[in-house]
Amino acid sequence: MPPTEVDRRFMQALAASRKGDKAGARTLLEQNLAQDPDHADSLEVYGMLLSEAGDLDKAIVHYEKALELFSDYEEAHNNLGNIYVKQRRYELATNHFMAAIRINPDNSSALNNFGRCLAELGRAPEALAKFQEAVRLNTNYVEAYCNLGSSYLVLGKPDEATKQFETALTISNGFGPALMGLERVKRVKPR
């Protein structure tokens with residue numbers, strides 16, 4: 001079956017977004033949703049664009065609508081969890097990260113994001129386990145290595161933290177959060 005007009009416009013919106021034309025992508029997605037308000041992919045990507053623009057409440061509405069249509073929409077769960085972390089609504093965030101991981105246990109992004117949520121809740125050992133799993137699944141996940149380093153630091157293991165920040169720097173030379181992590185280690189580690 002050939003792609004529909006809505007599907008073609010959705011692909012154009014994705015291309016526009018990747019090129020940095022967020023306004024163009026939003027316009028195409030708005031046209032899609034006017035024609036087909038139940039196009040789950042358009043709802044999810046439009047929610048992502050709204051979130052990037054800081055319109056979190058509208059983004060939530062679009063993600064929730066996508067999840068009403070397709071309850072196993074892994075990325076919608078993950079992205080909605082990220083919004084709830086920004087809003088400090090950690091219980092809701094936890095539920096969505098767990099749903100994304102249930103749908104796809106190999107989703108390193110959801111594992112990393114769930115780890116960040118657990119860290120915000122002061123649950124460093126649990127966060128550490130999520131970050132470890134994320135880097136096991138994606139050995140080039142520089143942000144997860146930094147989060148892993150931060151968790152080791154919170155748990156009083158500066159040598160382990162250093163290893164993680166250094167690994168991040170081997171993946172992405174000069175990566176700011178890894179450099180800052182190493183500076184934090186220097187402040188806590190006795191000389």
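Bear in mind these aren't lab numbers, they're just calculated from the coordinates by the rules spelled out. Remember, predicted model here, so these are calculated numbers, not experimental data. Virtual Cβ from ideal backbone geometry, glycine too; neighbours counted across all protein chains shown.
From the residues Phe10, Val85, Gly122, which one has its Cα farthest along the dipole of the chain in the positive direction, the dipole being from +1 and -1 charges on Cβ of Lys/Arg and Asp/Glu about the Cα centre?
Farthest along the dipole direction, towards plus: Gly122.
Quick one: length gained pulling Asn104 to Met11 fully straight, 0.36 nm per residue minus the C-alpha distance?
Contour length minus the Cα-Cα distance gives 31.1 nm.
Among 166-174, 111-119, how do they line up from the highest to the lowest mean number of other beta-carbon atoms within 10 Å?
Averaged packing, sorted descending, gives the order 111-119, 166-174.
Pairs Lys58/Lys157; Lys22/Lys163; Lys65/Lys86; Lys19/Lys186; Lys58/Lys163: which are spaced more than 30 Å apart, C-alpha to C-alpha? Provide the component values of the computation, followed by the final result.
Details: Lys58/Lys157 41 Å; Lys22/Lys163 38 Å; Lys65/Lys86 20 Å; Lys19/Lys186 40 Å; Lys58/Lys163 40 Å.
Over 30 Å apart, Cα to Cα: Lys58/Lys157; Lys22/Lys163; Lys19/Lys186; Lys58/Lys163.
Suppose the chain between Glu68 and Leu56 were pulled fully straight at 0.36 nm per residue; how much longer would it get relative to their current alpha carbon spacing?
Extra length available between Glu68 and Leu56 comes to 2.5 nm.
Want the number for Asn140 to Leu121: 0.36 nm per residue separation, take away the alpha-carbon distance, what's left?
So the chain would gain 4.2 nm between Asn140 and Leu121.
On C-alpha positions alone, give me the angle between the axis of helix 5-18 and the longest principal axis of the chain, in degrees, nearest 10.
The angle comes out near 30 degrees.
Of (i) 17.9; (ii) 20.6; (iii) 18.7, which one was derived for Kirkwood radius over Cα pairs in Å from the structure shown?
From the options (i) 17.9; (ii) 20.6; (iii) 18.7, the structure gives (i).
Cα axis of helix 74-86 to longest principal axis of the chain: angle in degrees, 0 to 90, nearest 10?
Its long axis makes an angle of about 60 degrees.
Placing +1 at every Lys and Arg Cβ and -1 at every Asp and Glu Cβ, with all other atoms neutral, what dipole size does segment 124-191 have around its Cα centre, in debye to the nearest 20?
280 debye
When you count, for each residue, the other Cβ atoms within 10 Å and take the mean per peptide, how do 32-41, 78-87 rank with the highest first?
Answer by packing, highest mean first, reads 78-87, 32-41.
For the pair Arg89 and Thr170, what calculated FRET efficiency results from E = 1/(1 + (r/R0)^6), where r is the Cβ-Cβ distance and R0 = 45 Å, to the nearest 0.05? It would help to have the intermediate numbers written out before the result.
Details: r = 36 Å, r/R0 = 0.79.
Efficiency, from the Cβ-Cβ distance: 0.80.
Whole-Hz ³J(HN,Hα) for each residue in segment 130-146, computed from phi via Karplus 6.51 cos²θ - 1.76 cosθ + 1.60 with θ = phi - 60°, x for glycine and proline: what do you get?
Each residue's phi maps through the Karplus curve to give 5, 5, 4, 5, 4, 6, 5, 6, 9, 6, 10, 7, 4, 5, 5, 4, 5 Hz.
Kindly provide the helix-only [θ] at 222 nm of the chain, computed as the sum of -39,500 (n - 2.57) over DSSP H runs of four or more divided by all residues, to the nearest 500 deg cm²/dmol? Please list the in-between numbers first.
Working: 11 runs with 149 residues, N = 191.
Result for the chain: -25000 deg cm²/dmol, rounded to the nearest 500.
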